[in-house]
Amino acid sequence: MERHGLRSYLVGFVLAVILTVIPFWLVYAPMMPPGRTMLVIAIAAVLQILVHLHFFLHVDFSTPKANLMALAFTAVLIFLMVGGSFWIMIDLHNRMAI
């Protein structure tokens, strides 16, 4: 069977759907304290990233240097986008609050 066949994509899709439904269900039917719910959501998000990297983007570490450089560049871009967004929102909050 082909390495990146239909079965691989279906497994990735099912895992992605499960990892998406879990946080929605935890927020819809609150059964845990908010702090623990946020922790589960964060863990599901990290697992979601790993599932997408493995099943859809086919990132493996057979060539570690190239993949590490791509992941490091992606991490820097995400840090800049998220950090910049928080910086702008916090600054706007401080300017609006009197």
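The values are calculated or read from the model by the stated rules, or taken from the named source; none is laboratory data. From a predicted model like this one, the values you see are computed outputs, not experimental measurements. Note that each Cβ is placed from the backbone with ideal geometry, even for glycine, and that neighbours are counted across all protein chains shown.
The table for this structure:
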| item | result |
| --- | --- |
| Tabulated pairs, region 69-88, first more than 19 Å from A45 (Cα to Cα), second modelled with pLDDT under 95 and outside any helix (DSSP H, G or I), C-beta under 9 angstrom, 6+ apart or interchain | A70/V59 |
| Residue count for region 57-98, restricted to those that are among the charged types (D, E, K, R) and exposed (fewer than 10 other Cβ atoms within 10 Å of the Cβ) | 2 |
| In region 15-61, the residues that are part of a loop (DSSP other than H, G, I, E, B) and of a type in the set (A, V, I, L, M, F, W, C) | A29, M31, M32, L57, V59, F61 |
